[in-house]
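The values are calculated or read from the model by the stated rules, or taken from the named source; none is laboratory data. Everything quoted here is computed from the prediction, not taken from an experiment. Note: ideal-geometry Cβ built from the backbone for every residue, glycine included; neighbour counts use all protein chains shown. In case anyone asks, the SASA skips ligands and DNA or RNA and just uses the protein heavy atoms, side chains included. Shrake-Rupley method; radii C 1.70, N 1.55, O 1.52, S 1.80 Å.
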Amino acid sequence: MSSPTGAASPTHSLPSYLQADHLGPWGNYLQQVDRVTPYLGNLARWVETLKRPKRILIVDVPIELDNGTIAHYEGYRVQHNLSRGPGKGGVRFHQDVTLSEVMALSAWMSVKNAAVNVPYGGAKGGIRVDPKKLSMGELERLTRRYTSEIGLLIGPSKDIPAPDVNTNGQVMAWMMDTYSMNVGATATGVVTGKPVDLGGSLGRVEATGRGVFTVGVEAAKLTGLHLDGARVAVQGFGNVGGIAAKLFAEAGAKVVAVQDHTGTIFNSKGVDVPALLAHVKTRGGVGGFAGADVMKAEEFWGVDCEILIPAALEGQITKDNAGQIKAKLVIEGANGPTTTEADDILHDKGVLVLPDVIANAGGVTVSYFEWVQDFSSFFWSEDEINARLVRIMQEAFAGIWQVAQEHKVSLRTATFIVACQRILHAREMRGLYP
Ligand code: NAD
């Protein structure tokens, strides 16, 4: 095992909101940074940069509800690091959004963008709201007001939002329109994940799931796991989980268990994935699907399977359920689904974890293609986009695999080594100004 050499610069006292809440996503991220610091060599003197987001904007988002009352929601945009380029990261609408969560998600974007070597820093946004309780009109007003409030920070060459949990192409269209109206010119490149007719990219909707599948295939090859007949369990059957499940099923795998916010279902022969996707589209979730049995939510993690794909929210695999996991391969479609303690338990059990910061990087990779296409006003074919995506994911994964072997570290630490070196090298070359 190579000996880690670097020494971090002394930690100066952090503002209270940056302190590790060890149960929260930001605390989880800080632990991940601490693990990589010994491998950063001389760049470790810059490591504090990674522990402090560059900018945090907290906004009040007032809207008039359909019944005439005024409701206020708390929104955020965090730019974690901009050393390698403009901020890039999604916007989440969810009732549990917190500043700690958005900070962690923005930091994971910095790492992810550097891991696949797209020229972006990391950012993330969100509003603490249950959008399922809003009408379309209320959702539009919320999105437009939020976009105006964070207008200080965003822009095609400053910070480019994208969809995340409970946001989609329609929300991006409203964000693009609002920003464009405010600056007086159509600025398609201000967001990615837009509908194709508004400067969106072919292949973007499927990109994250396709990336999850691509790294899964690579890891299966390297570990001798046969995808044909492999049993797959998926938590979250939205954009990421649904597409990943579809691609694994098309490759011959059996999707035996699916959990989402409406229920947990099981079918040992494998669910009919296209039928389940159609059911979710009309019913809003997997609950009530006729082609599978209902399963107790807490039994999901112990399902007999070879591949487990958490593709819902963070903090799902914890010390309390990691011991039950039978999968050989965990592919993190979601951001931050595994706590550090659970990561160690999985490692000790010999479960290979493909970490979020590489496994779900397909979305931002095609977002990058979308942004490039918007700037050049020249659009590529879907085949070209998918081929470029697969190539970037395969090359990034191969490099990370090699670093993991070299240092005898987990793939998460290896991804952080590759990414943090890129970020901090950029930081060092730019220097401090003023
Ligand atoms: P989505 O809104 O399309 O789907 C979210 C899914 O999670 C839904 O199936 C929902 O039912 C399920 N879910 C929500 N709460 C749950 C709970 N408590 N228990 C079980 N399931 C629950 O969102 P998405 O875009 O698929 O994002 C899923 C994850 O992937 C998030 O962590 C997101 O940050 C991450 N991610 C998304 C993208 C992207 O391009 N969409 C890219 C990278 C990472």
Built amide H within the under 5 Å cut-off of V234, gap 5+: A257, V258, Q259, I309
Chain lengthening between L222 and A398 when straightened (0.36 nm per residue, less Cα-Cα): 62.4 nm
Simple label model, 7 Å out from Cα along Cβ direction - D34 to S381, nm: 5.2 nm
Fluctuation leader among N386, N28, N67 - the chain, Gaussian network, Cα springs under 10 angstrom: N67
GNM result for the chain, Cα springs below 10 Å: residue of V47, V183, V364 fluctuating most strongly: V183
Å² per residue, accessible surface of the chain at 1.4 Å: 41 Å²
Stretch gain in nm, segment N168-D348, where the contour uses 0.36 nm per residue and the Cα spacing is subtracted: 61.0 nm
Exposure rule at most 16 other beta-carbon atoms within 10 Å, DSSP loop trypsin sites (Lys or Arg not before Pro): the chain longest free segment: 1-157
Anisotropy class of segment 279-434 from Cα gyration tensor, a/c 1.5 cut: oblate
Length-normalised contact order of segment 10-186 in % [C-alpha pairs under 8 Å, at least 6 apart]: 22 percent
Cα→Cβ-extended label distance, 7 Å offset, between E299 and K408, nm: 4.1 nm
Listed residues I331, H347, G291: farthest to the positive end of the dipole of segment 280-358 (Cβ charges): G291
Three-way shape label, segment 21-62, alpha-carbon gyration tensor, a/c 1.5: oblate
Computed FRET value (nearest 0.05) for L198 with S148, which takes r as the C-beta separation and R₀ as 25 Å: 0.85
Area accessible to solvent at T37, 1.4 Å probe radius, in Å²: 10 Å²
Cα-based Lys proximity count in segment 193-342, under 25 Å, for pairs eight or more positions apart or on separate chains: 27
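Do the sum for the chain: with -39,500 (n - 2.57) for every DSSP H run of n ≥ 4, divided by all residues, what is the mean residue ellipticity at 222 nm, to the nearest 500 deg cm²/dmol?
-13000 deg cm²/dmol
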Max mean-square fluctuation residue, GNM over the chain, Cα-Cα springs under 10 Å, options A249, A233, A398: A398
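Consider all pairwise Cα distances in the chain and report the whole-number % of them above 33 Å. Each step should come with its number before you reach the end.
Numbers: 28991 of 93961 pairs.
Above the 33 Å cut-off, the chain has 31 percent of its Cα pairs.
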Under 16 Å from the Cα of K112 - lysines, other chains or at least 8 residues apart: K51, K88, K124
Charge dipole magnitude, Cβ of K and R +1, D and E -1 - the chain, Cα centre, debye nearest 20: 820 debye
Apportionment of accessible area to carbon and sulfur, the chain, percent (1.4 Å): 53 percent
Two-decimal log10 I(q)/I(0) for segment 205-354, as the Debye equation yields it once each C-alpha is a single scatterer, q = 0.15, 0.20 Å⁻¹: -0.67, -1.25
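Calculate the dipole size of segment 205-354 relative to its Cα centre from +1 charges on Lys and Arg beta carbons and -1 charges on Asp and Glu beta carbons; express the result in debye to the nearest 20.
Magnitude of the dipole: close to 420 debye.
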